[in-house]
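Structure first, commentary second.
What follows is calculated from the coordinates using simple rules that are stated; it is not laboratory data. Computed from a prediction, not measured in an experiment: that's the story for all the values here. Cβ coordinates were reconstructed from backbone atoms using ideal geometry, including for glycine residues, and neighbour counts include every protein chain displayed.
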């Protein structure tokens, strides 16, 4: 039994040492299986040696009992030859050999029981090794899952460091601020009228009312001429040359136009004030 105690201690020591230094679980498990196979082979050799010792004891017992039988045969010969002294000596040797055979039988029995226990333990080790080989793939799969979980946890832990994201947000805010400043400067430049476009717009504002007045005046003149043609105004006397005669002898349309123009100016001024 001491053999298998040493085997278990050795395997346990190797396992603990390899696990503590484990970097690649699959490699460690393969190495463990290899070590267990090697230790099992050594254990089989030890058990085989114990079995050989058992068989040697068994053979010695057979030889001793055969010698005892031989001395008994010699004692019978001495009795037949009426040599009691020789017969007595032969029986003494027979008795001594039988006692030796009994002692050897006890040793063989103890060795046999030990060998049976060793065989049983060896079968148990063989089963454990086969079970370990079957579980190896499961353990490797578990180790990969644990490694993947560890990497995931490390990644999640790294996400707590938001310094890079905060720096990115600050840079984005800075860009927004710079764009707002540029827009404000553009508005200020447009308001001061320093640019050529702003200057052109200011003069266009001044010229627009004058252009509208001219257009309105021209339209009004056309309207008055149309009304004169239709005879809406009082008829004037014609002289012998066919010309219209007024109170003062001059053209009667001019005062009406001037008055209309004055009224138009007052209207434009009133609209402008509104």
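Side notes on the structure shown:
- Gain upon complete extension [residue 166, residue 49; 0.36 nm per residue less C-alpha separation]: 34.7 nm
- Peptide packing: for 118-126, 143-151, the average count of neighbouring Cβ atoms within 10 Å per residue gives the ranking 118-126, 143-151, highest mean first.
- Spin-label pair residue 130/residue 98, simplified geometry with 7 Å Cα→Cβ offset, distance in nm: 4.8 nm
- For the pair residue 149 and residue 123, a Förster radius of 35 Å applied to the C-beta separation gives a FRET efficiency near 0.35, rounded to the nearest 0.05.
- Computed FRET value (nearest 0.05) for residue 37 with residue 69, which takes r as the C-beta separation and R₀ as 41 Å: 0.30
- For segment 257-271, the residues whose amide N sits under 19 Å from a probe point set 7 Å from the Cα of residue 224 along the beta carbon direction are 257-270.
- In nm, spacing of pseudo-spin labels at residue 89 and residue 273 (7 Å Cα→C-beta vector): 17.7 nm
- Packing rank of 44-51, 175-182, where each peptide gets the mean count of other beta carbons within 10 Å, highest leading: 44-51, 175-182
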